[in-house]
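What follows is a set of notes on a single structure, which appears directly below.
The values are calculated or read from the model by the stated rules, or taken from the named source; none is laboratory data. Nothing here was measured: the structure is a model prediction, and the numbers come from that model. Every residue, glycine among them, receives a Cβ derived from its backbone with ideal geometry; neighbour counts consider all protein chains shown. Each accessible area value is taken on the protein alone, full model and side chains, heavy atoms only, with ligands, DNA and RNA left out. Shrake-Rupley method; radii C 1.70, N 1.55, O 1.52, S 1.80 Å.
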Amino acid sequence: MPRKVLVTRRIPRAGLELLAQADCDVTVLQHDEERGLSRQELLHSVGGCDVLLPLLTEPIDRQLMESHPALLGIAQMAVGFDNIDVAAATELGIPVANTPEVLTEATADFTWAMLMSVARRVPAAHDYMQSGRYKIWGPNLFLGADVGSGPDGVRKVLGIVGYGRIGEAVARRATGFDMEILAHDPSKRAIIEADEKVHWAELEELLRRADFVTLHPPLTPRTRHLIDGDALSRMKPTAFLINAARGPIVDESALVDALRSGQIAGAALDVYEDEPEMASGLAVLDNVVLFPHIASATDATRSRMAAMAATNAVAHLEGEKAPNCVNPEVYGSPVWRQRRRRRSI
Ligand code: DGY
């Protein structure tokens, strides 16, 4: 029986090799790395596959899933899966898998790169050198903010919103900077309280006290616009916001206003509310550093993510429980059985 896997856009070789070794018939829909897929292209092609391997750039909604009654599973190459209607997938008997854990350390490293970049104005200083503007050393050149305790010996406060694997890895790194670490995540309160590195804080206290606020929750209805104009107004005028999670967690227009008016000192963003678009005025501010969603982008990490997605895809084909299934309750359900039967007809 053919084992057709539809990979929406080009993924690292490790994933494609694994699918080939498992005798899958693989179609990569989009090879141009700078182009996405239109909804029509995806709707048109999904019908011919057994398993779909999408990226976070493709909305996988109920209509798309309903259009294919024999789809056996979705194996997304990303840890975040807010682009997939998982409730609809479960209702329709479709297992959905993601790629957690392998990207935790790379993402935490990059969060720190972002934090350091905005606090010490690294990209602007680099541009200054590259454009040949450095004429003489001066005591006022590119003054930034201390990250470790500065000359006054006062420890800086790091506020971590979202204390899953990545939030915890960010905290681990912060201990090296001797920071006071506050964490807020209602679903992880017991974990935070048991973790000696961090102190539990309500969001309001965290925003009020932190010198750096870094965001790591998944995007859910609860976290959408968690950082809105009101939240930004509670932050210190010397504080920085870092977002390497999902863009819509921040109200980006409100952020532009807060950065423009000096309500907060700066922001480092790897993700955007309407990615790849940016809110009007954001790109020209000089107190932001901006990146194209690359927090997990190390060669080794992305290869592992692709291999994991492929492993999940093969499990979907075999009817086995995918190692990283996010809706495991689907297995054995009548609708899941019906899908598998349709395939064997
Ligand atoms: C994810 O995996 O969700 C990241 O945003 C991209 O690595």
message = Please verify whether ALA310 is within 19 Å of VAL26 (Cβ to Cβ) and among the small types (Gly, Ala, Ser), treating the condition exactly as stated.
response = yes
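Rundown of residues vs (1) in the same structural domain as ALA145 (by TED's automatic domain parsing); (2) more than 15 Å from ILE74 (Cβ to Cβ), yes/no style:
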| site | (1), (2) |
| --- | --- |
| SER261 | yes, yes |
| LEU269 | yes, yes |
| GLU273 | yes, yes |
| SER280 | yes, yes |
| ALA310 | no, no |
| ALA315 | no, no |
| PRO323 | no, no |
| GLN338 | no, yes |
ask   = Which is touching a residue at least 24 places away in the same chain (Cβ under 8 Å), buried (at least 22 other Cβ atoms within 10 Å of the Cβ) and not hydrophobic (A, V, I, L, M, F, W, C), of ASP251, ASP211, ASP274, ASP257?
value = ASP211
query = How about the range 56-83: which of its residues are β-branched (Val, Ile, Thr) and either over 16 Å from MET305 (Cβ atoms) or at pLDDT below 95 (or both)?
reply = ILE60
inquiry  = If I filter the range 309-319 down to residues being surrounded by 14 or more Cβ atoms within 10 Å (Cβ to Cβ) and not small (Gly, Ala, Ser), which single residue comes out as farthest from the chain's Cα centre (by Cα)?
reply    = LEU317
key: Residues within the range 6-51 that are open to solvent by less than 70 Å² (accessible area, probe 1.4 Å), farther than 27 Å from GLU320 by Cβ and in a helix (DSSP H, G or I), tallied   = 2
message = Residues that are among the polar types (S, T, N, Q) and either open to solvent by less than 10 Å² (accessible area, probe 1.4 Å) or not assigned by TED's automatic domain parsing to the domain that holds ARG121 (or both): does the range 160-180 have at least one?
response = no
query = What's the number of the condition PRO2 fails, among (1) in a loop (DSSP other than H, G, I, E, B); (2) within 16 Å of the ligand (Cβ to nearest atom)?
reply = (2)
key: All positions within the range 48-78 that are in contact with a Leu (Cβ under 9 Å, 6 or more places away or on another chain) and of a type in the set (Gly, Ala, Ser)   = GLY48, SER67, GLY73, ALA75, ALA78
key: Tabulated pairs, the range 287-311, first touching a residue at least 12 places away in the same chain (Cβ under 8 Å), second within 8 Å of the ligand (Cβ to nearest atom) and assigned to a helix (DSSP H, G or I), C-beta under 9 angstrom, 6+ apart or interchain   = ALA295/THR107; SER296/THR107; SER296/ARG302; SER296/MET305; THR301/THR107
task = Could you please find all residues in the range 75-84 being more than 10 Å from the chain's Cα centre (by Cα) and within 15 Å of ILE11 (Cα to Cα)?
result = ALA75, GLN76, MET77
ask   = Which of the helices (runs of 4 or more DSSP H) contained wholly in the range 52-134 include at least 2 residues that are in contact (Cβ under 8 Å) with a residue 40 or more places away in the chain and either within 16 Å of the ligand (Cβ to nearest atom) or in the same structural domain as ALA265 (by TED's automatic domain parsing) (or both)?
value = 104-119, 122-130
